[in-house]
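A.B. asks: Below are the structure tokens for one structure; questions will follow.
The values are calculated or read from the model by the stated rules, or taken from the named source; none is laboratory data. These figures come from a predicted structure and were not determined experimentally. Heads up, the Cβs are rebuilt from the backbone with ideal geometry, glycines too, and the neighbour counts pull from every protein chain shown. The protein model used for the area step is the full one, side chains on, heavy atoms only, and it has no ligands, DNA or RNA in it. Shrake-Rupley method; radii C 1.70, N 1.55, O 1.52, S 1.80 Å.
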Amino acid sequence: MKRIGLLTSGGDCQALNAAMRGVVKSLVNSGEQVELFGFLDGYKGLIYGEYRMLDISDFSGILTRGGTILGTSRVPFKTIREPDENGKDKVEAMKHSYYKLRLDCLVILGGNGTHKTANLLSEEGLNVVTLPKTIDNDLWGTDMTFGFQSAVDIATQTIDYIHTTADSHGRIFIVEIMGHKVGFLPLNAGMAGGADIILIPEIPYDIDKIVDAIELRKQRGAKFTIIVVAEGAISKKDAKLSKKEYKEKLANTKYPSVSYEIAEKIEKKTGKEVRVTVPGHIQRGGAPDSYDRVFASRLGAEAGKLILKGEYGFMVGYKNREIVKVPLADVAGKLKMLDPDAAIIKEAKMLGISFGD
């Protein structure tokens, strides 16, 4: 009999349910007897002992369902060692929940912050297996995370819709795509959606270079321009600021986001009308696409195999088109960035896409 705990932490995304289903179905189909404990709302459930018993039937019909049946929340790693408002030691409380339920393994699905805490729990002696979830695809140790491809599809569709109205009115449109620290999502969606300019955090932009790209399109007879902007895009000027100085600037800015600042500057320099569209959390919502359904199911099945073999302290990742196990210590605290010199960036530039640099 295996007693397995499951939790989903951090921002939600597509295929969380598919991944959990993969874990459970692989265990059940192996012939292993299992008892399943679902912790509610991420690490909060583990800290405060809030869970529900799960049955195999709970995982029926959820392959196509977005979000997470367990709920999720953010418990920042930087505060994980700090007592809560009632003085509760969070780490000790999580360990207590684990041992009280006599768990054989805790399966944790999440992104960067989630994996820091997962590694901490592993170092504290808990049996942990993790699965890589994030629409940003910025998790170290894996070429792909589930949720990413579904988010790319949604963001691409948004850009597709903007194209028709931009063409009709001859306007400049900015579409702001999620990507606070890395640009995998806006880059892929921008290329798939036929964006003319793509601004990502890894390549600081020059507003004059953006204007030059717009003017070049006009000279070539284009009526409109589509600009994809990562929510974490940064100008060359701001990139020279210290982290403290940049945070102070953001705290005092009049703009809802960087896209509105860029839009205002383009209007002043060109005299042209600029519109901003922010799809926001739509990118994380809805059913997973076919790729993520398969991918998350494969990762879940491999996690089940690790549990059966008693191999703990690993994230199930994807490298060079193969499912692999990656030590949690190698994942925690590392961010996978998009290399400005990557082949895909060079190829995008060959297609005529400007990065404002």
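A.B. asks: Identify all residues within the range 127-150 that are free of Cβ contacts under 8 Å to residues at least 40 places away in the same chain and surrounded by fewer than 22 Cβ atoms within 10 Å (Cβ to Cβ); write none if there are none.
C.D. replies: Residues satisfying the conditions do not exist here.
A.B. asks: Same structure, new question: Just give me the residues in the range 224-264 being aromatic (Phe, Trp, Tyr) and either over 17 Å from Ile172 (Cα atoms) or buried (at least 19 other Cβ atoms within 10 Å of the Cβ) (or both), in sequence order.
C.D. replies: Scanning the range 224-264 gives Phe224, Tyr246, Tyr255.
A.B. asks: Let me ask something else about it. Please work out which one of (1) in contact with a helix residue (DSSP H, G or I) (Cβ under 6 Å, 6 or more places away or on another chain); (2) of a type outside the set (Gly, Ala, Ser); (3) under 23 Å from Thr158 (Cα atoms); (4) touching a residue at least 24 places away in the same chain (Cβ under 8 Å) is the condition Lys265 fails and give its number.
C.D. replies: Of (1) in contact with a helix residue (DSSP H, G or I) (Cβ under 6 Å, 6 or more places away or on another chain); (2) of a type outside the set (Gly, Ala, Ser); (3) under 23 Å from Thr158 (Cα atoms); (4) touching a residue at least 24 places away in the same chain (Cβ under 8 Å), only one is false for Lys265: (3).
Rundown of residues vs (1) farther than 30 Å from Asp208 by Cβ; (2) modelled with pLDDT under 95; (3) not polar (S, T, N, Q), yes/no style:
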{"site": "Tyr260", "(1), (2), (3)": "no, no, yes"}
{"site": "Lys272", "(1), (2), (3)": "no, yes, yes"}
{"site": "Val294", "(1), (2), (3)": "yes, no, yes"}
{"site": "Leu299", "(1), (2), (3)": "yes, no, yes"}
{"site": "Lys319", "(1), (2), (3)": "yes, no, yes"}
{"site": "Asp341", "(1), (2), (3)": "no, no, yes"}
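A.B. asks: Tell me whether the range 277-285 contains one or more residues that are touching a Phe, Trp or Tyr at 6+ places or on another chain (Cβ under 8 Å) and over 30 Å from Met20 (Cα atoms).
C.D. replies: Yes: the range 277-285 contains one or more residues that are touching a Phe, Trp or Tyr at 6+ places or on another chain (Cβ under 8 Å) and over 30 Å from Met20 (Cα atoms).
A.B. asks: Taking the stated definitions as given, is Asn137 outside any strand (DSSP E or B) and under 19 Å from Ile80 (Cα atoms)?
C.D. replies: When the stated conditions are applied, Asn137 does not pass them.
A.B. asks: Follow-up. Which residues, taken from the range 85-106, are open to solvent by 20 Å² or more (accessible area, probe 1.4 Å) and either in a loop (DSSP other than H, G, I, E, B) or hydrophobic (A, V, I, L, M, F, W, C) (or both)?
C.D. replies: Those that are open to solvent by 20 Å² or more (accessible area, probe 1.4 Å) and either in a loop (DSSP other than H, G, I, E, B) or hydrophobic (A, V, I, L, M, F, W, C) (or both): Glu85, Asn86, Gly87, Lys88, Asp89, Arg102, Asp104.
A.B. asks: Please indicate, with yes or no, whether at least one residue in the range 283-291 is within 16 Å of Pro186 (Cα to Cα) and not basic (Lys, Arg).
C.D. replies: Among the residues of the range 283-291, at least one is within 16 Å of Pro186 (Cα to Cα) and not basic (Lys, Arg), which makes the answer yes.
A.B. asks: Cβ-Cβ under 9 Å, sequence separation 6+ or interchain: first residue in the range 8-27 and more than 21 Å from Ile56 (Cα to Cα) and part of a helix (DSSP H, G or I), partner of a type in the set (Gly, Ala, Ser) and open to solvent by 10 Å² or more (accessible area, probe 1.4 Å). Which pairs?
C.D. replies: none
A.B. asks: Which one of the conditions (1) open to solvent by 30 Å² or more (accessible area, probe 1.4 Å); (2) modelled with pLDDT of 95 or more does Ala155 fail to meet, given that it meets all the rest?
C.D. replies: Of everything listed in (1) open to solvent by 30 Å² or more (accessible area, probe 1.4 Å); (2) modelled with pLDDT of 95 or more, Ala155 misses just condition (1).
A.B. asks: Further question on the same structure: Looking at Ile108, Ile62, Ile47, which is the one that is without any contact (Cβ under 8 Å) to a residue 60 or more places away in the chain, under 22 Å from Phe295 (Cα atoms) and out of contact with any Gly (no Cβ under 7 Å at 6 or more places or on another chain)?
C.D. replies: Selected residue: Ile62, the only one of Ile108, Ile62, Ile47 that is without any contact (Cβ under 8 Å) to a residue 60 or more places away in the chain, under 22 Å from Phe295 (Cα atoms) and out of contact with any Gly (no Cβ under 7 Å at 6 or more places or on another chain).
A.B. asks: Lys44 - would you say it is charged (D, E, K, R), more than 22 Å from Gly147 (Cβ to Cβ) and out of contact with any Pro (no Cβ under 9 Å at 6 or more places or on another chain)?
C.D. replies: For Lys44, the condition - charged (D, E, K, R), more than 22 Å from Gly147 (Cβ to Cβ) and out of contact with any Pro (no Cβ under 9 Å at 6 or more places or on another chain) - is not met.
A.B. asks: Among what's in the range 28-49 and is closer than 26 Å to His96 by Cα and part of a loop (DSSP other than H, G, I, E, B), pick the residue that is least open to solvent (accessible area, probe 1.4 Å).
C.D. replies: Ranking the candidates gives Gly42 first.
A.B. asks: State whether one or more residues within the range 170-188 are of a type in the set (D, E, K, R), assigned to a helix (DSSP H, G or I) and on the phi < 0 side of the Ramachandran plot.
C.D. replies: Checking the range 170-188: not a single residue is of a type in the set (D, E, K, R), assigned to a helix (DSSP H, G or I) and on the phi < 0 side of the Ramachandran plot.
A.B. asks: Okay, moving on. Just checking, does the range 224-237 include any residue being assigned to a helix (DSSP H, G or I) and over 19 Å from His163 (Cβ atoms)?
C.D. replies: Yes, because at least one residue in the range 224-237 is assigned to a helix (DSSP H, G or I) and over 19 Å from His163 (Cβ atoms).
A.B. asks: Right, another one. Filter the range 189-223 down to the residues that are small (Gly, Ala, Ser), crowded, with 20+ Cβ neighbours inside 10 Å and part of a helix (DSSP H, G or I), then identify the one that is nearest to the chain's Cα centre (by Cα).
C.D. replies: Among those that are small (Gly, Ala, Ser), crowded, with 20+ Cβ neighbours inside 10 Å and part of a helix (DSSP H, G or I), it is Ala189.
A.B. asks: Among the residues in the range 142-163, are any in contact with a His (Cβ under 8 Å, 6 or more places away or on another chain) and over 30 Å from Gly310 (Cβ atoms)?
C.D. replies: No, the range 142-163 contains no residue that is in contact with a His (Cβ under 8 Å, 6 or more places away or on another chain) and over 30 Å from Gly310 (Cβ atoms).
A.B. asks: Out of all the residues in the range 168-177, is one or more of a type in the set (Ser, Thr, Tyr) and in contact (Cβ under 8 Å) with a residue 60 or more places away in the chain?
C.D. replies: No, that holds for no residue.
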